[in-house]
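Read-outs throughout are calculated quantities, based only on the coordinates presented, and are distinct from any laboratory measurement. Predicted model, so just to flag it, every value in this text is computed and none were measured. Every residue, glycine as well, gets a Cβ built from its backbone with ideal geometry; the counts of neighbours run over all protein chains shown.
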Amino acid sequence: MALRPVRAWAATGLLNVSYDPTRELYQDIDRSFSAAWARQHVGAPVQIRTSHGGSGAQARSVLEGAPADIVTLGLAYDIDILAQNGLLAPDWQKRLPHNSTPFTSTIVFLVRKGNPKNIHDWPDLIRDDVQVITPNPKTSGGARWNYLAAWGWALRQPGGTPDKARDYLKTLFAHVPVLDTGARGATNSFVQRGLGDVLLAWEDEALLATRDIGPDKFDIVVPPLTILAEPPVAVVDRNVKAHGTAEIAQAYVEYLFSEEGQKIGGKHYFRPVNPTILAAFHDRFATTDTFDIASLGGWGTVQKQHFADGGIFDSIYTK
Amino acid sequence: MTAYLSRRLGLPRRQRDPLPGFGLGLGLTLFWLGTLVLLPLLALVSRPWQEGLHRGLLAFAHAAHDGRILSALWVSFGSAVLAALFDLVPGVLIAWALVRSDIPGRRIIDMLVELPFALPTAVVGITMATLYGPTGWFGAPLARLGVHIAYSRTGIVLALMFIGLPFIVRTVAPVLRNLPADVEEAAAILGASRAQVLLRIVLPALHPALVTAFGMAFARGIGEYGSVIFIAGNQPFHTEIAPLLVVIRLQEYDTTGATLIGFVLVAVSLLSLAGISLVRRRLSRGVG
Amino acid sequence: MSRIVYALVIYLLVTVMIVLPPLLVVVMALSHGLGAAIESLADPDALSAIRLTVIITVLTVCINTVFGVMAAWTLTHFRFPGRNLLVVLVELPLSVSPVVGGLIWLLVFGTQGWWGAALERWGYPVMFAPPGILLATLFVTFPYVTRTLMPMLAHNGRAAEEAAVLLGASLWQVLWHVTLPGARLALVSGMLLATARAMGEFGAVSVVSGHIPGLTETMPLHIETLYNGYQTVAAFTMATLLALMAMIVVLVRSLIERRLDRTEPSI
């Protein structure tokens, strides 16, 4: 009995496999969704579990058999991998509004209180006296956004070429003293262990750190140009069929786009895609210029070019 | 004796051996070993060749030229050797304190020595990173002196030393206790100084035990993951250990790549252990 | 004089190298008071992690003890071709990285592995479910019982057992009334060693668990989850509890070893 809970809970439970910085968000969403679901449906209350980790690691565990009903990962490529292996339909991103992205975010700099190193823009990161904390792009979704934000910025500079962008990244990563495997690990290195001068982070992660963890310890610096990060969500078709949870899983992902879901997202520092609700939270999100992943060629291209074995990221670590 | 006789006489052993249970015992042992160790290890060994011998060889050749894999293996191997070596001195000192000295608090130390074994490795990693990080109890004063331990190879060695210390103490202490004290006393009576007694009499007798202890600490260290990743820094080519690279490859959906590194890691640690046991056999023969 | 210096050196070594890291764990756990620490253990996910760890540990130790005793019996009391190879193979898991100890099960039971897809289709997923955690823990604790028991059995010899058989005892009677009582302390010591290792295993389990709170998280994995969720007090409280559980086990073991030293000739 004790060894087979996976089947025992499948009928009334839902498993959301998510990425690192969404712990607080989905704790809240899970609670309010199960309350909403219980109001509409008579019967046993639904139990939702959410598992967190580096986006790539989480996708890998779903691929190898973790019984996820829903995936809410850091970037579309990790869900594409699942689609390629037949866990969900190839057109999954078209099934929900806004490219299946209920909340967006962006990449910002978290610095020590008062910004002692005077960091304002991407060139400041490669000054001699600056140490940068960012996780490993090979294992962390957030780190891939960090990396691509830097890449996109460098490309857009006057006279910017891929070669120059590569040189910038090579210098940047020479300033990184520790590569954690997940975004939350990197935040812990910066926040709890006092490592580095600047943390490249999800905006939501940075806001959480300044407002909830150490209000008087950190400042947020929003660079003039950064990337628009779109972490998508999807129902894992094959698993919900096996668990008989298709209906509730669909309701869950749709709930994320509902007014209530969007509000909870805003409360946890994610940018709601619903413009009215975004406007209600406008005071917490700085306005800045952004570019999106499509402008870099989309995830398929970017993954092959940068993060595959022997790609640009590998080359910046080869002497 | 009976087994020996029956073999000499060419008799079927089971007719002559009074002890029952050979067939059953061997059967259960093989089943247990087969399902829990051989089956999964077979999966590890066979995976690289799954797409044909040629592809497998190619993958190995590729790995042999992959600087990142080589340096990760080197970091794991080198740190494990250093940590096991550095553990020998404090290990022997503590073992001596436990069985040969009369310093107060020996029994408490005896139990404290087991602490590294009792802490889960992930907790060891987090606490070591906190202790030696730039704001930690040790890290902060050291950082003022310009010494940085966490997130460097020194950090890896330090974490492995913590993990390996009980292996040294627990292996050396029984041997020290069984060392006949009269030889030392005789040497002392003959005018040998304490240092001479230690160097000429005690240490040579300890050699085989030291080699065994080194081997155990090394074997634990080369594969260690949980305690290291928090304090290592995990930079490719610099502070990335081989087990972490296995995990990274898995997360890149590259199971074959992960298997390859795992395979090499197992091979390296087995070869080293075989070498160590060879050295030990030679040493124990030399000592008599 | 030199004795005092020596004692001081030992105290310093033990404090810096061994005592401080665990002490820091306790300090962190109690940083918001004892009440907060105890409260954090009442969380359902924490309770489930404790339960899973206990279940996995008990099963692991039982299975590895039953087979380990039989293996030690066979390998010490009989000489047969291939015996040395078996001895080496039994010790093999000691030199395999815990991460690899998880990976190998993925290769057999993962969806991309040999049998994973078939098992999942029949509704018995092994990986990312408790059976996978059990397999990984069985692997890393595999050698402990046999390894501790073998020198003791070899030392005791087989004369008593042979006499018992001549008097008409069955295999089980011999094992239960002659062999094991003679090596009781070594057996318990090996079991406790396996218990301590099984409770604290992180690397192997983390590869096969899937980290689902409340379902597939053991105590060490839950500690990592809590720590990453900024719940420092809860994380270190659970770490303290786990360390205490393991310390009790280790304490019992060292008490037993002390008796072993006294009552049975050293091995």
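Structural remarks
- Taking the fewest neighbouring Cβ atoms within 10 Å as the starting point, the ordered list for B:SER193, C:SER48 is B:SER193, C:SER48.
- Normalised alpha carbon radius of gyration of chain B [divisor 2.2 N^0.38 Å]: 1.26
- Computed over chain B, relative contact order equals 25 percent, with contacts defined as Cα pairs under 8 Å that lie 6+ residues apart.
- Think of it as helices only: each DSSP H run of n ≥ 4 in chain B is worth -39500 (n - 2.57), and spread over all residues that comes to -23500 deg cm²/dmol at 222 nm.
- GNM top mover of B:LEU19, B:LEU270, B:LEU85 - chain B, alpha-carbon springs below 10 Å: B:LEU19
- Top of B:ARG100, B:ARG144, B:ARG177 by mean-square fluctuation, Gaussian network on chain B, Cα under 10 Å: B:ARG144
- Projected onto its three principal axes, the C-alpha set of the range C:44-263 covers 62, 42, 28 Å, listed from the longest axis down.
- Only one residue of B:SER277, B:ALA140, B:LEU176 has its Cα farthest out toward the positive end of the dipole of the range B:59-287, where Lys and Arg carry +1 and Asp and Glu -1 on Cβ, and that residue is B:LEU176.
- Gaussian network model of chain A, springs between alpha carbon atoms under 10 Å - residue of A:ILE277, A:ILE70, A:ILE107 with greatest fluctuation: A:ILE277
- The antiparallel fraction among DSSP beta bridges confined to chain A stands at about 55%.
- As a length-normalised measure over Cα pairs under 8 Å and 6 or more apart, the relative contact order of chain A settles at 24 percent.
- Student exercise, the range A:124-170 dipole from Lys, Arg, Asp, Glu Cβ charges, in Debye to nearest 20: 240
- Stokes-Einstein translational diffusion, the protein assembly as shown - Kirkwood Rh over all Cα pairs, 0.692 mPa s, 37 °C, in µm²/s: 113
- Unit charges at the beta carbon, dipole of the protein assembly as shown: most positive-side option, B:THR130, A:ALA89, B:LEU203: B:LEU203
- Distance between the range C:17-57 and the range C:140-186 - C-alpha centres, whole angstrom: 39
- For A:ALA229, the residues whose modelled amide H falls within less than 5 Å of its own, excluding neighbours fewer than 5 places apart on the same chain, are A:SER105, A:THR106, A:ILE107.
- Share antiparallel - DSSP beta bridges, the protein assembly as shown, percent rounded to 5: 55
- Proximal aspartates and glutamates to A:LYS263, defined as alpha-carbon separation beneath 15 angstrom and excluding residues fewer than eight positions away on the same chain: A:GLU24, A:ASP28, A:ASP30, A:ASP204, A:GLU254, A:ASP283
- Sequence-ordered 3J(HN,Hα) estimates for the range C:189-197 from the Karplus curve with 6.51, -1.76 and 1.60 and θ = phi - 60° stand at 4, x, 4, 5, 4, 5, 4, 4, 5 Hz, glycine and proline given as x.
- Which of A:ASP129, A:ASP237, A:ASP292 has the fewest Cβ neighbours within 10 Å, and the rest in rising order: A:ASP129, A:ASP292, A:ASP237
- Unit charges on C-beta of K, R, D, E only; dipole of chain A, Debye: 500
- Sorted by Cβ density within 10 Å, fewest first, the residues C:THR111, A:THR22, A:THR301: A:THR301, C:THR111, A:THR22
- Exceeding the 22 Å Cα-Cα cut-off - candidates A:LYS164/A:LYS304; A:LYS117/A:LYS138; A:LYS94/A:LYS241: A:LYS117/A:LYS138
- Screening chain B for whole DSSP H helices with an alpha carbon extent of at least 24 angstrom along the helix axis and a mean Kyte-Doolittle hydropathy of at least 0.0 yields B:67-99, B:153-178, B:203-223, B:255-287.
- Charges were assigned to the Cβ only: +1 to each Lys and Arg, -1 to each Asp and Glu. The resulting dipole of the protein assembly as shown about its Cα centre is roughly 2980 debye.
- Contact order relative to length of the range C:44-263, as percent, for alpha carbon pairs under 8 angstrom and 6 or more apart: 29
- Normalised convex hull volume, the range C:148-251, alpha-carbon set, Å³ per residue: 125
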